[in-house]
1. Once you charge only the Cβ atoms, +1 for Lys and Arg and -1 for Asp and Glu, what is the size of the charge dipole of the chain about its Cα centre, to the nearest 20 debye?
2. With a probe of 1.4 Å, find how much accessible area the range 81-212 has per residue, and write the answer as a whole number in Å².
3. To the nearest 0.05, how large is the calculated FRET efficiency for residue 189 and residue 137 if R₀ is 22 Å and r is the Cβ-Cβ distance?
4. Can you tell me the relative contact order of the chain? Whole percent, Cα pairs under 8 Å, sequence separation 6 or more.
5. Does the range 97-212 come out rounded, prolate or oblate by the C-alpha gyration tensor, with a ≥ b ≥ c the root eigenvalues, rounded set by a/c under 1.5 and, if not, prolate when a/b is larger than b/c and oblate if not?
6. Ignoring ligands, DNA and RNA, please state the percent of accessible area on the range 33-177 from carbon and sulfur, probe 1.4 Å.
7. Which aspartates and glutamates, if any, have their Cα less than 20 Å from the Cα of residue 17, not counting same-chain residues under 8 positions apart?
8. Sequence neighbours fewer than 8 away in the same chain don't count; with that in mind, list the lysines whose C-alpha is under 21 Å from residue 14.
Amino acid sequence: SMPGPDETAEDLKKALKGTDITKKRLIELAMYAQQWIPMLEEYFNMPGFASTCYYFMAHTSERLDDQATSTIAKYTPLSPEELMDGAFDIHWFSEAYHKLGAKNFKLLYDAAKYSSAGAAHARARKYADAALGNTNKEFLKAEINAKRNKDLLMSIGLLPLPAEKNERETELLDRYQFIQKYKKESRQFGAQRRASEGRASEIALNNLSVNA
């Protein structure tokens, strides 16, 4: 389904009047069927809505169609390949989050499961949790060490950094050394896994440097 070429947000408002279709359900629709995003952003009068929808789509581990790829290119200089590998655009995320606000962001966060097949949306949520400081470093380290989780490795650099210079440098060094340790430990595995974990380590360092 999609809006007709001459239909507007006002038409949508009239069509929804008297129904039991909720805001939550409409946000799920936007995540599931991107052709509704522009009209729903206007209908909700919610700046940052489209940007945040595409943030979640872009930071899944799933290849996107041409329409989504071309739209995402308007928000970030990262290539589709970099995004698929796990690169994170912290500037895009911060701008979208602050436009949308915490309450509305939570609605899109919950609906993110409709933006991809299976659990591919989980990486976008992990990145958001890290960037917002909704998880902590020691928990991430423990999970990464126990499960060799590449998505969590790539998110550890996104945790907020201390404002004080010495604390900040100490924190950066600690995360840098942890990522390098992960990479070093991958030598025990086969060539394919070493390559995969090596790429994850490279992206994790890049995400850390952009945050810094």
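1. Working: 30 positive and 29 negative charges, 168 e Å.
Using Cβ point charges on Lys, Arg, Asp and Glu, the chain gives about 800 debye.
2. Values: 6800 Å² over 132 residues.
Value returned for the range 81-212: 52 Å² of accessible area per residue.
3. On the way: r = 25 Å, r/R0 = 1.12.
Rounded to the nearest 0.05, the efficiency is 0.35.
4. Details: 233 pairs, mean separation 40.2, N = 212.
Value for the chain: 19 percent.
5. Details: a/c = 2.38, a/b = 1.21, b/c = 1.97.
Oblate shape, in that a/c is at least 1.5 and b/c is the bigger or equal ratio.
6. On the way: 3570 of 7010 Å².
Summing carbon and sulfur atoms, their accessible area is 51 percent of the total for the range 33-177.
7. Within the straight-line cut-off, residue 17 pairs with 6, 7, 28, 41, 42.
8. Those lysines meeting the cut-off are 23, 24.
The values are calculated or read from the model by the stated rules, or taken from the named source; none is laboratory data. Quick caveat: nothing in here was measured; it's all calculated off a predicted structure. Quick reminder, even Gly has a Cβ in these numbers, built from the backbone with ideal geometry, and neighbours come from all protein chains shown. For accessibility, only protein heavy atoms count, side chains too; no ligands or nucleic acids. Shrake-Rupley method; radii C 1.70, N 1.55, O 1.52, S 1.80 Å.
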